[in-house]
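To start, the structure under review is shown below, and the notes come after it.
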Amino acid sequence: MKAPSVSRLLVIALALVAWVIPPASAAPNPALKGKKLLYVGASTAEDKALDEAPQRYLVSLGFTVRFADQTEPGAVADDQDVVVIGSTCQSRVVMGKFRDTRAAVVLMESFVADDMGITGLRLGVDYGEDQRNLPILLVNAPHPMQAGLPNGMLCVHKTKTPSLHWGKAMNGATVIAVIAGEPDKAAIFGYEKGALMGDNFTAPARRVVLFVNTETFPLINDKGLKLVEASLAWAVGAL
């Protein structure tokens, strides 16, 4: 399915915000040092600019990051430890090309979750984007993906943002957070290797869906970034 795009005016506004809000960064995580990460995004000038913030953050964690255009074949992931699919991607282009990869996969674009076999197929029911400026509800302390944070409501951005990506987790998933008031809209969840996902597809390696929207990555606050780091570390088996 093709994700609805954020308005051009909003993208411009967020780009201006990025000039005044320091880019997200983190102290290097020794457990992630040298891990090979393939970041998949779009190659237009505007999209590449939006993808800079998450990529800088991933490098700051210690990952060795390689960018792949969304049109490249799934085989580019063959020698990687983890694939991160950014939300500048168009789901009709990416589709399920990384569905069978033996690398871990982390989605920052919920609109490929159906093609990846991670959720069911129904837009707005099994996966989507919530634009109501809601907090998330953490539900699974002390799971390592919850980054040591207690259960309860949490705002993950420094200011109001237009959207949170979500998916409807299957029975084999580990749910870390849901959108507040929406128990079927998981904002952070993962599958172990071998777990049954959507349509009884077996996860070839760990799979994670994150609330993150590439366009608003510079606005994620410190606790939100802790959740991103913990989810990535869990995906590559560093937790």
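For the range 182-196, filtering for residues that are closer than 19 Å to residue 82 by Cβ and surrounded by fewer than 24 Cβ atoms within 10 Å (Cβ to Cβ) leaves 4. The number of residues in the range 69-92 that are surrounded by 15 or more Cβ atoms within 10 Å (Cβ to Cβ) and assigned to a loop (DSSP other than H, G, I, E, B) comes to 9. Only residues that are over 10 Å from the mean Cα position of the chain (by Cα), aromatic (Phe, Trp, Tyr) and buried (at least 23 other Cβ atoms within 10 Å of the Cβ) were counted across the range 197-217, and they come to 1. Could you grab me the full set of residues in the range 93-120 that are touching a Phe, Trp or Tyr at 6+ places or on another chain (Cβ under 9 Å), assigned to a loop (DSSP other than H, G, I, E, B) and either aliphatic (A, V, I, L, M) or closer than 10 Å to residue 74 by Cβ (or both)? Correct list: 99, 108, 113, 116, 118. With respect to residue 193, determine if the residue is modelled with pLDDT under 95 and more than 16 Å from the chain's Cα centre (by Cα). For residue 193, the condition - modelled with pLDDT under 95 and more than 16 Å from the chain's Cα centre (by Cα) - is not met.
The values are calculated or read from the model by the stated rules, or taken from the named source; none is laboratory data. Given the structure is predicted, the values throughout are model-derived calculations rather than measurements. Quick reminder, even Gly has a Cβ in these numbers, built from the backbone with ideal geometry, and neighbours come from all protein chains shown.
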